[in-house]
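The values are calculated or read from the model by the stated rules, or taken from the named source; none is laboratory data. Note that this is a predicted model, so its numbers are computed, not measured. A quick note on method: Cβ atoms are made from the backbone with ideal geometry, for glycine too, and the neighbour counts reach across all protein chains shown. Surface accessibility is based on the protein's heavy atoms, side chains included, excluding ligands, DNA and RNA. Shrake-Rupley method; radii C 1.70, N 1.55, O 1.52, S 1.80 Å.
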Amino acid sequence: MVGGKRDVKLDTRAARLKLRPAAVPYWRPMGEGSAVGYRRLIGDKPGTWTARRRVMTDGKLVYELAKLGTADDYADADGSVVLSWSQAQQKGLAWFTADRTTPGPNLLVSEAVDAYVKQYKARSNRATKEMLSTINTHVLPRFGSRLVRSLTTADLNEWLNELAIAAPRRRRPAPRGLPRGPKHLVAPWSPDTPDALRKRRSTANRIWSNFRAILNLAFRNGRVESDLAWRRVKPFANASEPRVRYLTDDQYPAFVQACEPDFQAIVIGALLTGADYGELRTARVRAFDPRLRTLDVSA
């Protein structure tokens, strides 16, 4: 395959840039159980080339993926990092024909998650609901079918960066007496302020912390031979420092007026006492001393 297979939609950058951005690559078969795909990204970001091959793991057929490089959508191909369609096929072919008996067990990310959840439930008193929700929403859809040893630093950094600019998720209000529904994406949303971007980066760090703990457990248990791929991934710096603001005396009335009527009493109580929401919500009448005009929030 000296020149590679011709494909009118992938041969040239002009043709590729006409494709619609998608969450999954445009796959082109290269042989039985193998394919090379092009993923079109949103905006003016260059697309990526990915190789996929079907392998037997513990009696199950799964797909193993490998990132080949960046497409030459906006820069000239160099045959190493930036690849043309022909070069992507050549690099994919080399990966397909490489020795598939790479040292290290064939552990799927989904299996690593199962092992971590079992240990987490056995050793931790903390609730697992939030952790499971995070994994099911952000980790398994992207990496669940991947072999842990196939993960690369580039894969993980790309995923972490996408989390940092993704729209936040909120639960829709439920009718009284019914449980809250699943979280949904908030739209429209844009990280147009430093604090909004910091919050999304903080969330991305929290999600990455959960995923990294899963991968570290697999490494400590000897299920994979190296942790270098994720050890190189660095969380966002200064993402957990909230922006502190104080209202001026002139801003108090406008702030109270902007609150819902049923919530104004709590806000006024917080402004007058300095107590937080939890302390005011659980306060009792007996905690108020009318003679001294004080509120004991520890009562």
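Key figures for this structure:
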item	result
Per-region count, segment 4-41, residues over 17 Å from Leu68 (Cβ atoms) and either touching a helix residue (DSSP H, G or I) at 6+ places or on another chain (Cβ under 6 Å) or of a type in the set (Asp, Glu) (or both)	2
Pairs where the first residue, in segment 140-156, is open to solvent by 20 Å² or more (accessible area, probe 1.4 Å) and the second is hydroxyl-bearing (Ser, Thr, Tyr) and in a loop (DSSP other than H, G, I, E, B), C-beta under 7 Å, 6+ apart	Arg149/Thr102
Residue within segment 66-74 that is closer than 16 Å to Gly47 by Cα, touching a residue at least 40 places away in the same chain (Cβ under 8 Å) and among the hydrophobic types (A, V, I, L, M, F, W, C) present	yes
Segment 189-210, subset closer than 16 Å to Asn157 by Cβ and among the aliphatic types (A, V, I, L, M), residue surrounded by the most Cβ atoms within 10 Å (Cβ to Cβ)	Ala204
Test: Gly104 is assigned to a loop (DSSP other than H, G, I, E, B), at pLDDT 85 or above and either hydroxyl-bearing (Ser, Thr, Tyr) or surrounded by fewer than 18 Cβ atoms within 10 Å (Cβ to Cβ) (or both)	no
Single condition Pro253 does not satisfy, out of (1) under 23 Å from Thr294 (Cβ atoms); (2) more than 35 Å from the chain's Cα centre (by Cα)	(1)
Per-region count, segment 157-168, residues open to solvent by 20 Å² or more (accessible area, probe 1.4 Å) and either in contact with a Phe, Trp or Tyr (Cβ under 6 Å, 6 or more places away or on another chain) or on the phi > 0 side of the Ramachandran plot (or both)	1
Ala122 closer than 26 Å to Leu10 by Cα, in a helix (DSSP H, G or I), modelled with pLDDT under 90 and of a type in the set (A, V, I, L, M)	no
Segment 211-228, subset open to solvent by less than 60 Å² (accessible area, probe 1.4 Å) and outside any helix (DSSP H, G or I), residue modelled with the highest pLDDT	Asp227
Candidate set from segment 229-259 (those that are in a helix (DSSP H, G or I) and without any contact (Cβ under 8 Å) to a residue 12 or more places away in the chain); member that is nearest to Arg206 (Cα to Cα)	Arg231
Out of Val297, Val233, sole residue that is touching a Leu at 6+ places or on another chain (Cβ under 9 Å), open to solvent by less than 70 Å² (accessible area, probe 1.4 Å) and closer than 30 Å to Ile165 by Cβ	Val233
